[in-house]
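Peer 1: Mind having a look at this structure? Questions to follow.
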Ligand code: SF4
């Protein structure tokens, strides 16, 4: 029987990159990837459990395959797999494989068990000092290559399930990161994005002992690499040498994503975020003081238990003060095992919706003004796509903004071009090619 697989991915960039590794491993094991589940005999769901809604989506998808998945092997991998473990077999008895991200190195062995007819295979151990760097990664984006530098998280943010689903922190050696960056450069990639739950706490386990700022700088010095980004940061571990590295090395992108979560120190303490608003603002000042303009983006959670109107005001005030280039905003979601479950004063869904709308409207007005300030500026873009409907090209600036422009050139994909910004909106920039 031909071995075919279909994979659906939910969640963050870490998950998307994990899927690239899983796909690469499956292809190496002789599987063929197909575009639709009905063409596949193995169906993989790479899952996210950061919010209840994301988790429910996975179980809805599994339900859908209860009958139509007959004769196929269903696999649940990723965060929901790690969190729910063998309980998934009870809720969805038609599932055959449940494996968390720390077990992906064992995927070939688990496939052998499935092929041998075992219908209850698990990979749920978090007892690993291995990071999942496989040579078989199959990359979706031909221009920007993701590299995982650290897995897991040692923080205990009160709302977050990640330490339970991805385990403790494990950093890769600097040599293996540099080797992967060099390999990608050799394949024609010019942009690298370093990934981890908290890249700032990277600690090279080899005798070289590099910290994150050193690693970042060195990846930016790999021949052929023109841009380096990183996601995501924790303000507590975000140190001045990271900003110094960005200032000193033009290949490091002018963009930092620094999730604040709340503008109220009282809420930050309840969230166990380990910094105050003032300490967070110190980091913002480091970036604002840099000679290159660094775009700053963030994550905001509204409706954390006990958040008052005054706390919400503090968050809105923070948005005005920092003037983020963009934010991701979320309603607090109760997650299993987390400390926040024990907190009283839960906020209703309706109220959370009211608050998120207020936050998003405030941020929209800020972005409208921020983007208007870019009118007339010339930005260098890495061209990453073309809209079929309009024929326009789209690329990303070093400050992580998408910019759309027209050109009669037959193929600009993967090239760097200069574009003058001619139109702006809260979420979009348009421009014209500059010779
Ligand atoms: S730093 Fe906090 S929010 Fe980020 S993954 Fe770790 S526990 Fe979760």
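Peer 1: Considering only the range 100-127, how many residues are under 21 Å from residue 11 (Cα atoms) and modelled with pLDDT of 95 or more?
Peer 2: 0
Peer 1: Right, next: Return yes when residue 70 is over 30 Å from residue 181 (Cα atoms), free of Cβ contacts under 8 Å to residues at least 40 places away in the same chain and assigned to a loop (DSSP other than H, G, I, E, B) and no when it is not.
Peer 2: In short, yes.
Peer 1: Looking at (1) at pLDDT 95 or above; (2) touching a helix residue (DSSP H, G or I) at 6+ places or on another chain (Cβ under 9 Å), which one does residue 227 not meet, given that it meets all the others?
Peer 2: All conditions pass for residue 227, except number (2).
Peer 1: Among the listed residues 425, 395, which satisfies the condition of being within 24 Å of the chain's Cα centre (by Cα) and not assigned by TED's automatic domain parsing to the domain that holds residue 366?
Peer 2: Just one listed residue meets the conditions, 395.
Peer 1: Please specify each residue of the range 232-249 satisfying the condition of being within 16 Å of the ligand (Cβ to nearest atom), closer than 17 Å to residue 217 by Cβ and in contact with a strand residue (DSSP E or B) (Cβ under 7 Å, 6 or more places away or on another chain).
Peer 2: 233
Peer 1: Could I ask something else about it? Collect the residues in the range 233-249 that are part of a loop (DSSP other than H, G, I, E, B) and surrounded by 19 or more Cβ atoms within 10 Å (Cβ to Cβ), keeping them in residue-number order.
Peer 2: If the condition is that a residue be part of a loop (DSSP other than H, G, I, E, B) and surrounded by 19 or more Cβ atoms within 10 Å (Cβ to Cβ), then 233, 234, 238 are the ones that fit.
Peer 1: Answer yes if at least one residue in the range 222-230 is out of contact with any strand residue (DSSP E or B) (no Cβ under 6 Å at 6 or more places or on another chain), in a loop (DSSP other than H, G, I, E, B), more than 16 Å from the ligand (Cβ to nearest atom) and on the phi > 0 side of the Ramachandran plot, and no otherwise.
Peer 2: The answer is yes, given that some residue of the range 222-230 is out of contact with any strand residue (DSSP E or B) (no Cβ under 6 Å at 6 or more places or on another chain), in a loop (DSSP other than H, G, I, E, B), more than 16 Å from the ligand (Cβ to nearest atom) and on the phi > 0 side of the Ramachandran plot.
Peer 1: Additional query: State yes or no: is residue 374 surrounded by 14 or more Cβ atoms within 10 Å (Cβ to Cβ), outside any loop (DSSP other than H, G, I, E, B) and touching a strand residue (DSSP E or B) at 6+ places or on another chain (Cβ under 7 Å)?
Peer 2: Considered against the rule, which asks whether it is surrounded by 14 or more Cβ atoms within 10 Å (Cβ to Cβ), outside any loop (DSSP other than H, G, I, E, B) and touching a strand residue (DSSP E or B) at 6+ places or on another chain (Cβ under 7 Å), residue 374 comes out as no.
Peer 1: Please work out if residue 217 is crowded, with 17+ Cβ neighbours inside 10 Å, in contact with a helix residue (DSSP H, G or I) (Cβ under 7 Å, 6 or more places away or on another chain), in the same structural domain as residue 162 (by TED's automatic domain parsing) and farther than 17 Å from residue 244 by Cβ.
Peer 2: No.
Peer 1: In the range 363-374, is there at least one residue being in contact (Cβ under 8 Å) with a residue 40 or more places away in the chain and touching a helix residue (DSSP H, G or I) at 6+ places or on another chain (Cβ under 7 Å)?
Peer 2: There is at least one residue in the range 363-374 that is in contact (Cβ under 8 Å) with a residue 40 or more places away in the chain and touching a helix residue (DSSP H, G or I) at 6+ places or on another chain (Cβ under 7 Å).
Peer 1: Picking from 350, 321, which residue would you name as being without any contact (Cβ under 8 Å) to a residue 40 or more places away in the chain and surrounded by fewer than 20 Cβ atoms within 10 Å (Cβ to Cβ)?
Peer 2: Being without any contact (Cβ under 8 Å) to a residue 40 or more places away in the chain and surrounded by fewer than 20 Cβ atoms within 10 Å (Cβ to Cβ) holds for just one of 350, 321, which is 350.
Peer 1: Something else now. When you scan the range 27-38, do you find a residue that is buried (at least 17 other Cβ atoms within 10 Å of the Cβ), under 28 Å from residue 230 (Cα atoms) and in contact (Cβ under 8 Å) with a residue 24 or more places away in the chain, even just one?
Peer 2: Checked against the condition, which is being buried (at least 17 other Cβ atoms within 10 Å of the Cβ), under 28 Å from residue 230 (Cα atoms) and in contact (Cβ under 8 Å) with a residue 24 or more places away in the chain, the range 27-38 yields no hits at all.
Peer 1: Could you please tell me which pairs satisfy a Cβ distance under 9 Å, a separation of 6+ or placement on different chains, a first residue in the range 282-310 that is modelled with pLDDT under 95, and a second residue that is surrounded by 22 or more Cβ atoms within 10 Å (Cβ to Cβ)?
Peer 2: Final answer for the pair search is 292/246; 292/398.
The values are calculated or read from the model by the stated rules, or taken from the named source; none is laboratory data. For clarity, every value in this text was computed on a predicted model and none was experimentally measured. FYI the Cβ positions are ideal-geometry reconstructions off the backbone, even for glycines, and counts take in every protein chain you see.
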